[in-house]
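One structure below.
The values are calculated or read from the model by the stated rules, or taken from the named source; none is laboratory data. Model, not experiment: these values are computed from the prediction. All Cβ positions, glycine included, derive from the backbone under ideal geometry; neighbour counts span all protein chains shown.
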Amino acid sequence: MPPTLVLTDQHVGLNPAEFGMEAYPAVHLGRPGEVDPHRHVQVVRDALLPLLCPAPDLLVVQGDTSSALGAALAAFVVAVPVAHVEAGLRTYDPLMPWPEEEYRTAIDARANLLFAPTETAAANLRAEGVPGEIHVTGNSGIDALLDMIPRAPSLVIERPPRILVTCHRRESWNEGLRSISAALTTIARDGKALIDVVLHPNPHVAAIIRQSLDSIQAISLIPPCSHSELVRRMCEAELVLSDSGGIQEEAPAVGAPLLILREKTERPECIASGNARLVGTSTERIVAEVRRLLENPFERLAMARTAFPFGDGHAGPRIAGIITSWLKQRPLTRQLA
């Protein structure tokens, strides 16, 4: 029996076909994201509970969103086993990122299968003494990325250099976003780069960015785009500025130099590989690092070497194999219990 996809619709318009999953049965919960993420956790949990009767053999959740935690909590309530893809990421600061740090920790504490993308993530789980099985698999997001790159049509490379920007983290709302916007304004006025800012689907975030940057010459505000378009733009950018966890994994794989618009990261591997640097949301720090890399192409090219700290593109088959073996042993485990 094929797995069933459950789409919470946290971000409206997600198309399973873009990721090659159009053949699988899918259920839409119709629960878009809310200003209060804890509230969204509750509504996702409540909406999913009726779908867990009769109980499936396993519920797989990916990441650290309110959708992921809401789904996991529903499974915990009715004793459905949970597998967590992207387990073990940690900053050990509950406010950075908020609320994702507490959400992923809560999922990992009770999940039966934990698929860690890296050895560092697995070590975090072991140190916490989680009861579930820990497996280092790489991240399935890299599988999707590598599958997508050959299909992504090339953009025309323009001069001056083009900078790609995304930002949406809740801890950066309001003052953080305004500080980032001030930095982008300064960089644009230097006249040495064109800046594409991809707006986030969250209307609160998009409104702040529009208010700050809508009329700035050399800055283009791009409507929320598909994953394939974002990958295409990242491949063609000379420099990427982002607070996205996914982009921290993808940028090394496509050789895109990355400045991380956060004070802490749960993905230190991209910094260790030399592909990324933490710059936070300080206007001065962002401007200084961007100017430095634009003025020193050799330093920028050193960051553009491709690396794969988060997986080799085969995480999906590994995870599927582990789940298959676990499910085959599950009836025996139930009998022994």
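Working only within the stretch 1-23, note down all residues that are closer than 15 Å to Leu59 by Cβ and either at pLDDT 80 or above or among the hydroxyl-bearing types (Ser, Thr, Tyr) (or both). If the condition is that a residue be closer than 15 Å to Leu59 by Cβ and either at pLDDT 80 or above or among the hydroxyl-bearing types (Ser, Thr, Tyr) (or both), then Pro3, Thr4, Leu5, Val6, Leu7, Thr8 are the ones that fit.
Residue by residue through the stretch 18-30, note down the ones that are assigned to a loop (DSSP other than H, G, I, E, B) and either acidic (Asp, Glu) or touching a Gly at 6+ places or on another chain (Cβ under 8 Å) (or both).
Within the stretch 18-30, the first condition is being assigned to a loop (DSSP other than H, G, I, E, B), and the residues that meet it are 20-25, 29-30.
Glu22, the sole residue that qualifies.
Criterion applied to Ile163, Ile149, Ile219, Ile180 was being of a type outside the set (Lys, Arg), over 16 Å from the mean Cα position of the chain (by Cα) and within 23 Å of His314 (Cα to Cα), and the one residue passing it is Ile149. So is Ala237 in contact (Cβ under 8 Å) with a residue 60 or more places away in the chain, more than 23 Å from Gly63 (Cβ to Cβ), buried (at least 23 other Cβ atoms within 10 Å of the Cβ) and of a type outside the set (Asp, Glu) or not? Yes, satisfied.
For the stretch 156-175, a residue qualifies if it is closer than 18 Å to Ser242 by Cβ and at pLDDT below 90, and the qualifying residues are His168, Arg169, Arg170, Glu171, Ser172, Trp173.
Within the stretch 7-34, residues that are farther than 19 Å from His227 by Cβ have Cβ atoms under 6 Å from residues that are β-branched (Val, Ile, Thr) and modelled with pLDDT of 85 or more in these pairs: Pro25/Thr4; Val27/Val6; Leu29/Thr8; Arg31/Thr8; Arg31/Val43; Arg31/Val44, counting only partners at least 6 apart in sequence or on another chain.
Of all residues in the stretch 240-275, those that are in contact (Cβ under 8 Å) with a residue 12 or more places away in the chain, under 22 Å from Ala123 (Cα atoms) and aliphatic (A, V, I, L, M) total 1.
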